[in-house]
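K.L.:
Structure below; questions to follow.
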Amino acid sequence: MSTEANVAASEIALHPAADDPEALLAVNGLKKHFAIRQGLLIRREVGAVKAVDGVSFSLRAGETMGLVGESGCGKSTTGRVVTKLLDPTAGAIIFEGKDISGYSRAEMLPLRSEIQVIFQDPYSSLNPRHTIGTIVGAPFRIQKTVKEKGIKAEVQTLMERVGLNPEHYNRYPHEFSGGQRQRIGIARAIALRPKLIVCDEPVSALDVSIQAQVVNLLEDLQNEFNIAYIFVAHDLSVVRHISDRVAVMYLGQMMEFTDRDTLYSKPLHPYTHALMSAVPVPDPAKETRRDRILLVGDLPSPSNPPPGCVFHTRCPKFRERLSDSERERCQTESPALELKAPGHFAQCHFPEVRADIANAQDAGIGAGAVESVVSPGGVSTDLPR
Ligand SMILES: Nc1ncnc2c1ncn2[C@@H]1O[C@H](COP(=O)(O)OP(=O)(O)OP(=O)(O)O)[C@@H](O)[C@H]1O
Ligand code: SF4
Ligand SMILES: [Mg+2]
């Protein structure tokens, strides 16, 4: 166990966004840097991809936190580190009062029943050579919570609960549709009644008509078993539907974090404004009248993030509406994720409520995706993707 893990969770100075006595999960100053190595024989470390660079938040039992941001901003890495599929570079992951950030695989084993993951592509996360019975029954076998002869009945009950035909117990993943395969992933994830599930874009690969069914299933299971979700998504309308609170990420950092209604009615951060303004509005009259905030320029590399505010190279407010001295502040001084209003955190020197954007969205949000932009290529790293 690392030295950080030996520090009692109660002794860690928590960021206000992580400081909630009722939290099931508190994530404090979390960092995940992937080493960049070069050289054929001697592979020297020449830099690091700062995939997650100081993220703090908390989550209560039965609560859903939506995690949004452009492709490559570190959403999946945050999910993987929180569930300890990857070890953090720094920071604390406090689950039920214990800092698990330095836990070894063996120490994590008992917690595997409490913390689960659902992936975007159900097909690649299901072993094609195993039947559904074997896949969904695996958690019972690994954790030895059910005797071998009782596993089939447990699995069939689970299959029925997630809307699959229990008679398909002996079928293989390729015999199911995308939506059904995601249901198999969900059945496996809830088998041991976890308290927390990281859902990494669980509906992004599904047809729109199937997305709603899977989201509804996740909501029903949450109500039934009081599961907390970290729900990673590109689609701001899905996030608005499912989340209690929403975290907006950019270049490995948290730009804004607050409850869903506040975020959508009083967004403070220029990055959140831009994301929201990109979501189509179903009312054609409002759609043509409203202003879009375009993000120009490429997403900077997380191996070489801009100094000062990491968003300043693309920030529309910086570009169009700040004085020279204000700009200088953005370029040189990193803003902290601060409480700007009760329960409302933002990481910006000059936050402001953009009622025009919130009002446009209140006409109803359609399906909208955050555009994916350039992510760094050509780097060699120490971990497989
Ligand atoms: N194993 C790895 N080695 C090196 N870099 C990595 C690794 N995994 C992720 N990265 C980099 O870390 C950054 C964050 O990646 P991540 O997959 O967390 O983003 P994301 O927000 O989930 O993106 P997407 O929306 O496309 O899924 C990216 O620049 C990515 O290239
Ligand atoms: S700190 Fe400056 S550059 Fe950064 S988001 Fe705020 S206004 Fe834009
Ligand atoms: Mg991802």
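K.L.:
For segment 204-236, what are the residues that are among the aliphatic types (A, V, I, L, M), within 16 Å of ligand 1 (Cβ to nearest atom) and within 13 Å of Gly66 (Cα to Cα)?
P.N.:
Of everything in segment 204-236, those that are among the aliphatic types (A, V, I, L, M), within 16 Å of ligand 1 (Cβ to nearest atom) and within 13 Å of Gly66 (Cα to Cα) turn out to be Ile230, Val232, Ala233, Leu236.
K.L.:
Quick one: how many residues across segment 272-330 are among the aliphatic types (A, V, I, L, M), crowded, with 17+ Cβ neighbours inside 10 Å and either assigned to a helix (DSSP H, G or I) or more than 16 Å from ligand 3 (Cβ to nearest atom) (or both)?
P.N.:
Number satisfying all stated conditions: 9.
K.L.:
Let me ask something else about it. Just the residues that are among the polar types (S, T, N, Q) and surrounded by 14 or more Cβ atoms within 10 Å (Cβ to Cβ), please, taken from segment 332-346.
P.N.:
Going through segment 332-346, the residues among the polar types (S, T, N, Q) turn out to be 332, 334.
Result: Ser334, single match.
K.L.:
It is to be established whether one or more residues within segment 247-260 are away from ligand 1 (no atom under 16 Å from the Cβ) and free of Cβ contacts under 8 Å to residues at least 60 places away in the same chain.
P.N.:
The answer is no; no qualifying residue exists.
K.L.:
Might you check whether a residue that is surrounded by fewer than 21 Cβ atoms within 10 Å (Cβ to Cβ), in a loop (DSSP other than H, G, I, E, B) and in contact with a strand residue (DSSP E or B) (Cβ under 7 Å, 6 or more places away or on another chain) occurs anywhere in segment 74-84?
P.N.:
First, pick out the residues of segment 74-84 that are surrounded by fewer than 21 Cβ atoms within 10 Å (Cβ to Cβ): 80.
Retained after the next criterion (residues that are in a loop (DSSP other than H, G, I, E, B)): none.
There is no residue in segment 74-84 that is surrounded by fewer than 21 Cβ atoms within 10 Å (Cβ to Cβ), in a loop (DSSP other than H, G, I, E, B) and in contact with a strand residue (DSSP E or B) (Cβ under 7 Å, 6 or more places away or on another chain).
K.L.:
Something else now. Hey, among Ala35, Ala17, Ala92, Ala48, which residue is surrounded by fewer than 19 Cβ atoms within 10 Å (Cβ to Cβ) and either over 24 Å from Val310 (Cα atoms) or of a type outside the set (D, E, K, R) (or both)?
P.N.:
Ala35
K.L.:
Among all residue pairs at least 6 apart or on different chains, which show Cβ distances below 8 Å where the first residue, located in segment 304-331, is under 11 Å from Cys348 (Cα atoms) and the second is in a helix (DSSP H, G or I) and of a type in the set (Ser, Thr, Tyr)?
P.N.:
Sorted first by the residue in segment 304-331, then by its partner, the pairs are Gly308/Thr332; Phe311/Tyr271; Cys315/Tyr271.
K.L.:
Could you give me the residue pairs with C-beta distances under 9 Å whose first residue belongs to segment 201-214 and is without any contact (Cβ under 8 Å) to a residue 60 or more places away in the chain and part of a loop (DSSP other than H, G, I, E, B), whose second residue is within 16 Å of ligand 3 (Cβ to nearest atom) and among the acidic types (Asp, Glu) wherever it lies, and which are 6+ apart or on separate chains?
P.N.:
Cβ pairs passing all conditions: Val203/Asp235.
K.L.:
Can you find, within segment 56-70, the residue that is farthest from ligand 2 (Cβ to nearest atom) among those that are touching an Asp or Glu at 6+ places or on another chain (Cβ under 8 Å) and either of a type in the set (S, T, N, Q) or without any contact (Cβ under 8 Å) to a residue 24 or more places away in the chain (or both)?
P.N.:
For segment 56-70, the residue satisfying everything is Thr64.
K.L.:
Would you confirm, using the coordinates I've provided, whether Ser265 is touching a helix residue (DSSP H, G or I) at 6+ places or on another chain (Cβ under 8 Å), within 28 Å of Pro335 (Cβ to Cβ) and surrounded by 22 or more Cβ atoms within 10 Å (Cβ to Cβ)?
P.N.:
So Ser265 does not fit the description; no.
K.L.:
Would you call Asp87 touching a residue at least 60 places away in the same chain (Cβ under 8 Å), surrounded by fewer than 21 Cβ atoms within 10 Å (Cβ to Cβ), within 16 Å of ligand 1 (Cβ to nearest atom) and within 21 Å of the chain's Cα centre (by Cα)?
P.N.:
It is false that Asp87 is touching a residue at least 60 places away in the same chain (Cβ under 8 Å), surrounded by fewer than 21 Cβ atoms within 10 Å (Cβ to Cβ), within 16 Å of ligand 1 (Cβ to nearest atom) and within 21 Å of the chain's Cα centre (by Cα).
K.L.:
Next question. Among the numbered conditions (1) crowded, with 21+ Cβ neighbours inside 10 Å; (2) more than 30 Å from Cys73 (Cα to Cα); (3) in contact with a Leu (Cβ under 9 Å, 6 or more places away or on another chain), tell me where Gln182 comes up short.
P.N.:
(2)
Residue-wise test of (1) farther than 22 Å from Arg245 by Cβ; (2) assigned to a strand (DSSP E or B); (3) under 20 Å from the mean Cα position of the chain (by Cα).
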site	(1), (2), (3)
Ala18	no, no, yes
Pro21	no, no, no
Phe34	yes, yes, yes
Val46	yes, yes, no
Ser58	no, yes, yes
Glu70	no, no, yes
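K.L.:
Can I ask one more? Taking the stated definitions as given, is Gly74 within 16 Å of ligand 3 (Cβ to nearest atom) and either small (Gly, Ala, Ser) or over 22 Å from Leu196 (Cα atoms) (or both)? Show your work before the answer.
P.N.:
Values: within 16 Å of ligand 3 (Cβ to nearest atom): yes; either small (Gly, Ala, Ser) or over 22 Å from Leu196 (Cα atoms) (or both): yes.
So Gly74 fits the description; yes.
Quick note: the coordinates plus some simple rules give every number you see, no bench work behind them. Not measured: the values here are computed from a predicted model. Neighbour counts are summed over all protein chains in view; Cβ atoms, including those assigned to glycine, are modelled from backbone coordinates with ideal geometry.
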